[in-house]
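Everything on this sheet refers to the single structure shown next.
The values are calculated or read from the model by the stated rules, or taken from the named source; none is laboratory data. Model, not experiment: these values are computed from the prediction. FYI the Cβ positions are ideal-geometry reconstructions off the backbone, even for glycines, and counts take in every protein chain you see. With ligands, DNA and RNA removed, areas are computed over all heavy atoms of the protein, side chains included. Shrake-Rupley method; radii C 1.70, N 1.55, O 1.52, S 1.80 Å.
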Amino acid sequence: YVLKAYDEASNALAFTLNAVAPGDVIGELVVLLDPGLAPGTAVPLQLQTTNAALIDDSATESETVANGHLLLQDGLIVIGSELVFANGFE
């Protein structure tokens with residue numbers, strides 16, 4: 001399970017209506033994989049829609065898949081054959 005909290009006063013979430021995919025990113029999930037996985041191996045990532053929600057700090061408002069206000073997208077991690085560095089680090 002992953003729980004991510006935001007302080008609305010200092011770090012409010014702003015969303016763009018009908019943003020193109022991937023939409024507004026609100027967090028990152030770091031995943032440790034078996035270093036023995038062969039290049040080309042696809043590791044699926046599936047999100048549990050029944051537990052996923054964005055809830056305000058007073059728990060009076062919520063965005064969920066069930067109420068049609070939250071869209072989740074599953075994904076894949078594909079193991080590559082070379083190292084890729086982000087932000088120009090090598």
**Message:** Could you check region 61-77 and list, in sequence order, the residues that are hydroxyl-bearing (Ser, Thr, Tyr) and open to solvent by 100 Å² or more (accessible area, probe 1.4 Å)?
**Reply:** none
**Prompt:** Is it the case that region 13-23 has a residue that's at pLDDT 85 or above and small (Gly, Ala, Ser)?
**Reply:** no
**Item:** Matching residues in region 14-57 - criterion: being closer than 16 Å to Leu70 by Cβ, aliphatic (A, V, I, L, M) and surrounded by 10 or more Cβ atoms within 10 Å (Cβ to Cβ)
**Value:** Ala19, Ile26, Leu47, Ala52, Ala53, Leu54, Ile55
**Request:** Report the residue count in region 35-90 for those that are modelled with pLDDT of 90 or more and of a type in the set (Asp, Glu).
**Result:** 0
**Request:** State whether the residues of region 14-22 include one that is under 15 Å from Leu72 (Cβ atoms) and either touching a residue at least 12 places away in the same chain (Cβ under 8 Å) or not in a loop (DSSP other than H, G, I, E, B) (or both).
**Result:** yes
